[in-house]
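Chemist: A single structure is presented below for examination.
The values are calculated or read from the model by the stated rules, or taken from the named source; none is laboratory data. If you're wondering where the values come from, they're calculated on a predicted model, not measured in any experiment. Note that each Cβ is placed from the backbone with ideal geometry, even for glycine, and that neighbours are counted across all protein chains shown.
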Amino acid sequence: MDWTALWLSLRLAGLTVVVLLPVGIALGRWLAYRDFPGKGLVEALIALPLVLPPTVFGYYLLVAFGAASPVGQFWQAAFGKPLVFTFDGLLLASIIFNLPFAVQPMQRGFEAIPPEVREAAACCGMSPWRSLLRVDLPLAWPGILTAMVLSFAHTLGEFGIVLMVGGSIPGETRTVAIAIYDRVQAFDNAAAAEMSTLLLAISLAAIALTFAFSRRIGRKLG
Amino acid sequence: MIDAPEFLIRLRRGALALAAVSAALVAPARADAPVIAGASDLQFALAEVAAAFKRETGQGVKLSMGSSGNFARQIRQGAPFQMFLSADERYVLDLARDGFTRDEGTLYAVGRIAVIARHGSPLRPDGSLDSLAAALAAGGISRFAIANPEHAPYGKRAEEALRHRGLWEAVRAKLVLGENVSQAAQFATSANTQGGIVAYSLALSPQLVARGTYALIPEEWHSPLRQRMVLLKNAGPVAERFFAYVKEPASRAILRRFGFVPPVDAN
């Protein structure tokens, strides 16, 4: 078992969830309650990582964030290290790639709140912030938890992008998924089997949790 | 039924927990051992050298193994490696010319290629590749593994040797390409191929000896695998020490055990 890789993957997944939580709530709520021209396009853009081959995404990230790109040069100048082949670059890629996994369940969660409830809250003079804390979040939490679990599990399993923009640098970009690949190449099937079993168990637990939460989405105020 | 005030308390608790978790996650990593990029033919040999280095100096290095061409590309894109051991000196000299390295580095070994087949394969490896020619003619080869010649030096040399022997056209449609020579070796000794051409250093490793048989291919059949290592611009003292250690007799002995020929003109 490559503990460094496991810890790295857990850090990556944890930070992805931490960043995506507010982003997902803001985007999911916005998309759930508002109708505006071009909403379909926004939803399509957010959903794009679901169908885009990770290598295509990785290629564009290399082009956009590489040492030769303006973004890459800005990052290098500001932080003194490159964006690709570093943990920061991996985190950025992971945040973008997990957008649909975070936003869509949250959006469904907010959409399931009956409009009358929110209207009643507004009529009572609740500010949007109070309404979010006292009405929306308490009712949409199964969707939000689903989003967090899915983003976490999906980050642990991401391979193609990590290979493209991360390389396999121990302690920096070698995630568990990459470590499994490396171990197989090194004829170390025992270690690969251990790590694979662990990822299988985590994925299974994540899916089970997601199903449990999604049964609660749409539960009305009793 | 959810009680809103109670939810707020839970939310506050959740936010606190989340803040604590994030603080733990962003905590800076400890002062880290330098990351060394090594060509895949060194998969087992370099691990032994690094272990010996650790025993002697108490200092560790982190190894990342892959194809030399990929590493050269990653170094150009800013990958934070401190030292690069290439299977083909061309990559190192190109990086040196373009200012990515400290100097032109030094030759550390000359590599060889070998044909391998797993135990039970219809292919019986021989250095002249006669059995491969016969098996190809008889239709006994459905898949044959080499590393990707585009960016893996051992794949390129395998192609050269197959061309030299006049087998390239016949074998071409049967090739499976490993991303690097270590993956090619894994393919070549799996039940999914009848064999392959890989680094001699891998064929000599206990992991492969247990899986199959090999035969050395004459070195005149391909351009030499002059392996050069170099310190990169950001190399620290531990990487410098490791660089020097690879040139020492203890490391040379390990490399020799894995079939690497010491360079004659060591520069």
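Chemist: Out of the residues in region B:50-92 that are among the small types (Gly, Ala, Ser), out of contact with any Ser or Thr (no Cβ under 9 Å at 6 or more places or on another chain) and in a loop (DSSP other than H, G, I, E, B), which is farthest from B:Leu107 (Cα to Cα)?
Modeler: The qualifying residue farthest from B:Leu107 (Cα to Cα) is B:Gly58.
Chemist: Would you mind listing the helices (runs of 4 or more DSSP H) fully within region A:1-79 where at least 2 residues are within 22 Å of the chain's Cα centre (by Cα) and facing another protein chain (nearest Cβ under 10 Å)?
Modeler: In region A:1-79, the matching helices (runs of 4 or more DSSP H) lie at A:3-33, A:54-65.
Chemist: Quick one: count up the residues across region B:142-187 that are among the charged types (D, E, K, R), farther than 22 Å from B:Gly212 by Cα and in a loop (DSSP other than H, G, I, E, B).
Modeler: 2
Chemist: Here's a follow-up. Go through region A:105-128 and give me each residue that's crowded, with 16+ Cβ neighbours inside 10 Å and not small (Gly, Ala, Ser). Reasoning before the result, please.
Modeler: Of the residues in region A:105-128, the ones crowded, with 16+ Cβ neighbours inside 10 Å are A:105-113, A:118, A:121, A:126.
Those that are crowded, with 16+ Cβ neighbours inside 10 Å and not small (Gly, Ala, Ser): A:Pro105, A:Met106, A:Gln107, A:Arg108, A:Phe110, A:Glu111, A:Ile113, A:Arg118, A:Met126.
Chemist: Follow-up question, since we're still on this one. Got a sec? Which helices (runs of 4 or more DSSP H) wholly within region B:206-267 have at least 3 residues that are closer than 22 Å to B:Val35 by Cβ? Spell out the reasoning first.
Modeler: On the way: elements: B:206-209, B:237-246, B:249-257.
It comes to B:237-246, B:249-257.
Chemist: To continue, here is another question. Collect the residues in region B:1-44 that are hydroxyl-bearing (Ser, Thr, Tyr) and either at pLDDT 75 or above or surrounded by fewer than 10 Cβ atoms within 10 Å (Cβ to Cβ) (or both), keeping them in residue-number order. Even if it seems obvious, please write down each step before you answer.
Modeler: First, the residues of region B:1-44 that are hydroxyl-bearing (Ser, Thr, Tyr): B:22, B:40.
Within region B:1-44, just B:Ser40 meets the criteria.
Chemist: Of the conditions (1) in contact (Cβ under 8 Å) with a residue 24 or more places away in the chain; (2) farther than 28 Å from B:Glu150 by Cβ; (3) within 19 Å of the chain's Cα centre (by Cα), B:Arg252 fails just one. Which one is it?
Modeler: Result: B:Arg252 fails condition (1) only.
Chemist: Same structure again: For residues in region B:188-202 being more than 15 Å from the chain's Cα centre (by Cα) and not in a loop (DSSP other than H, G, I, E, B), which is surrounded by the fewest Cβ atoms within 10 Å (Cβ to Cβ)?
Modeler: Keep residues of region B:188-202 that are more than 15 Å from the chain's Cα centre (by Cα), which gives B:188-196.
Narrowing further to those that are not in a loop (DSSP other than H, G, I, E, B): B:188, B:195-196.
Working: B:Ala188: 34, B:Gly195: 27, B:Gly196: 30.
For region B:188-202, the residue satisfying everything is B:Gly195.
Chemist: Now, a different point. Which of the residues spanning region A:73-86 are buried (at least 20 other Cβ atoms within 10 Å of the Cβ) and either of a type in the set (Lys, Arg) or closer than 17 Å to A:Ile161 by Cα (or both)? Please lay out each step first, then the result.
Modeler: Of region A:73-86, the ones buried (at least 20 other Cβ atoms within 10 Å of the Cβ) are A:75, A:82-86.
Matches in region A:73-86: A:Pro82, A:Leu83, A:Val84, A:Phe85, A:Thr86.
Chemist: Considering region A:80-128 alone, what residues qualify as being of a type in the set (Lys, Arg) and away from every other protein chain (no Cβ under 14 Å)? Quick ask: steps written out before the conclusion?
Modeler: Of the residues in region A:80-128, the ones of a type in the set (Lys, Arg) are A:81, A:108, A:118.
If the condition is that a residue be of a type in the set (Lys, Arg) and away from every other protein chain (no Cβ under 14 Å), then A:Arg108 is the only one that fits.
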